[in-house]
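Chemist: The structure is given below, and queries will be raised subsequently.
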């Protein structure tokens, strides 16, 4: 950048400061546009980001072979026993899988001080099961191989989800659930279990997931797991019987897809989630299920993005009009500058610098307004909201773009002004 | 303009004689004409005319309103291009110069003074005077120094930080003159420089212009006032787009 260009840029900046009212009006328009942008980006992009994060937490390299929890009336539940588990292991030879069979059923849970038992999902899982969730243990520990399954005579051990702890002991902190006792009845046998660990709830937008699930007309196997209102007990707690699912953890995305192909070749048409109602076994990659959810939420966020793009465009037109009026008021000045040696590009640069600077100032003012506005919206409509510095960077970029777009026509108009025409009409 | 058209244009012996005597010409108009289109009507603002302005000349152009004086000034100031003829300025054929080169010529060769001063209202006198140096790429420190010197030369050293609305008309015109002179122009074009001033202020401005002429700057001044025109070495008359010696 040469000295002349630097001087022209400085002229533009000085002009902004010397016309505070005019600059404020333009900046205010920009501020509104940026506030809306920040608001919507925080809501839509934030939600997308969080869902992507949830996909990771749920286990992006995990694949499930499952029995649908809700079958059509009269449809016999398919068998998923030791033979299928062994077959699965054989099918995945060479892919370095961790195969974790899982039993799951609803059971009444009773704790001291509560008369009516709650029905919660009880999952009987091997210690490796935690790896299929990729979520941390919030308090206490996870199940070990030597944990007792529990019997009427011997107290067993269990873990539970944070949401389950809150439901069973609403007045307590979930951390205090560690060490607490609960009773459950499984297969007609009453068992006493001591809580040894509480799993954190990885889903930031539980309601969103559940809404999505309801929208599909049936609770899917995945959403059943995703509810994270489970109690986890040692595998031996349940007697012999069908597994409700086999979770398989694989080392890479490629291995996951390869495993899916191999399993689908055995359990035909199981890739289709609609197969739930037909009662067949299903084979699905959790990541794909989550991506389907992501696509659904993306449609919502696209509407939001259209809103802010529209607002920015309207602001661009308004600022462009303001700038054009300003240029028209400055014909004499532009003509004089051209007389004194300004080239067309000097004029265009100065007008552009003025436009970008005012839009940027508006953007900086609009950032906190949008941030506060998003918080207010969150309180009113309970919508997920997330703000990060990079959204501020995006909004700043939008502000600069807004300034550039809104300066194109005024700058071009000013640069092509014929000084002789202006001088002939007005200067003498 | 084509060669045939040039041949068809009869040269005015008075207005080109200066260039024939071997003196160094700064600006030469050779059959220059300027027509405008106003709707369906073509207006001949300048009829084909010849003019030789030698270095150091002090010329006054007089004429009624609408006679083409300002158009002549715009053409001479490279603000407008002739529609016919050839204009040589400081050895350059203006028709061949690009827009960017014309801007450079205006910046380096020509100084303008307007009847209504035409200062930047929000800027101080010094910043106004710095303006042409800004487009010449002069460093900020040097700009300030040269602007201060120029204002000092027109007797406004005490008004450097004043804005135009804090100064009298005469002072504003002197600022405009300082702005024209700060780039040390070879051609000073003044369009009614005393038209908006009282006699005392006008006299001060005229003296400054005369000083510049004596210092070797070529001056072409447009005026309605015969007394002002009389201060020039030579007066030309403009009527209906044509130029003649007074």
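Chemist: Among the residues of the range B:82-109 satisfying the criterion of being without any contact (Cβ under 8 Å) to a residue 24 or more places away in the chain and assigned to a loop (DSSP other than H, G, I, E, B), which is nearest to the other protein chains (Cβ to nearest Cβ)?
Modeler: B:98
Chemist: Could we say that residue B:134 is more than 22 Å from residue B:209 (Cα to Cα), without any contact (Cβ under 8 Å) to a residue 24 or more places away in the chain and crowded, with 21+ Cβ neighbours inside 10 Å here?
Modeler: So residue B:134 fits the description; yes.
Chemist: Now for a separate question. Can you go through A:47, A:1 and tell me which one is within 14 Å of another protein chain (Cβ to nearest Cβ) and modelled with pLDDT under 85?
Modeler: A:1
Chemist: Counting only residues that are touching a helix residue (DSSP H, G or I) at 6+ places or on another chain (Cβ under 8 Å) and at pLDDT 90 or above, give me the strands (runs of 3 or more DSSP E) lying completely in the range B:167-246 with at least 2 of them.
Modeler: By residue number, B:187-191, B:218-223, B:234-239.
Chemist: Given A:351, A:361, which one is assigned by TED's automatic domain parsing to the domain that holds residue A:25, in a helix (DSSP H, G or I), touching a residue at least 24 places away in the same chain (Cβ under 8 Å) and under 35 Å from the mean Cα position of the chain (by Cα)?
Modeler: It is A:361.
Chemist: What is the one condition in (1) under 15 Å from the mean Cα position of the chain (by Cα); (2) within 14 Å of chain A (Cβ to nearest Cβ); (3) under 29 Å from residue B:224 (Cβ atoms); (4) in contact (Cβ under 8 Å) with a residue 40 or more places away in the chain that residue B:119 does not satisfy?
Modeler: (1)
Results for (1) under 30 Å from residue A:346 (Cβ atoms); (2) touching a residue at least 12 places away in the same chain (Cβ under 8 Å); (3) more than 15 Å from the chain's Cα centre (by Cα); (4) buried (at least 20 other Cβ atoms within 10 Å of the Cβ), shown as yes or no for each residue.
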| site | (1), (2), (3), (4) |
| --- | --- |
| B:178 | yes, yes, no, yes |
| B:183 | yes, yes, no, yes |
| B:197 | no, yes, yes, yes |
| B:202 | no, yes, yes, yes |
| B:227 | no, no, yes, no |
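Chemist: Further, regarding this structure: Here is a list: B:117, B:112. Which entry is within 19 Å of residue B:189 (Cα to Cα) and in a strand (DSSP E or B)?
Modeler: B:112
Chemist: Out of A:322, A:313, A:306, A:336, I need the residue that is in a helix (DSSP H, G or I) and under 25 Å from the mean Cα position of the chain (by Cα). Which one?
Modeler: A:306
Chemist: OK, next. Only one of (1) surrounded by 24 or more Cβ atoms within 10 Å (Cβ to Cβ); (2) in contact with a strand residue (DSSP E or B) (Cβ under 9 Å, 6 or more places away or on another chain) fails for residue B:94. Which number is that?
Modeler: The single condition residue B:94 does not satisfy is (1).
Chemist: Here is a follow-up. Looking at A:392, A:335, can you tell me which residue is within 14 Å of chain B (Cβ to nearest Cβ) and over 16 Å from residue A:32 (Cβ atoms)?
Modeler: From the options A:392, A:335, the qualifying one is A:335.
Chemist: Please state which one of B:125, B:147 is farther than 24 Å from residue A:416 by Cβ, touching a residue at least 12 places away in the same chain (Cβ under 8 Å), touching a helix residue (DSSP H, G or I) at 6+ places or on another chain (Cβ under 8 Å) and more than 14 Å from chain A (Cβ to nearest Cβ).
Modeler: Every option except B:125 fails the conditions.
Chemist: Has the range B:53-71 got at least one residue that is more than 30 Å from residue B:230 (Cβ to Cβ), more than 10 Å from chain A (Cβ to nearest Cβ) and outside any strand (DSSP E or B)?
Modeler: Looking through the range B:53-71, none of the residues is more than 30 Å from residue B:230 (Cβ to Cβ), more than 10 Å from chain A (Cβ to nearest Cβ) and outside any strand (DSSP E or B).
Chemist: With the requirement that a residue be assigned to a loop (DSSP other than H, G, I, E, B) and either in contact (Cβ under 8 Å) with a residue 60 or more places away in the chain or more than 22 Å from residue B:43 (Cα to Cα) (or both), what does the range B:72-81 give you?
Modeler: The one that is assigned to a loop (DSSP other than H, G, I, E, B) and either in contact (Cβ under 8 Å) with a residue 60 or more places away in the chain or more than 22 Å from residue B:43 (Cα to Cα) (or both): B:77.
The values are calculated or read from the model by the stated rules, or taken from the named source; none is laboratory data. Since the structure is predicted, the reported quantities are computational estimates derived from the model, not experimental observations. Glycine also receives a Cβ, built like all others from the backbone with ideal geometry; neighbour counts cover every protein chain displayed.
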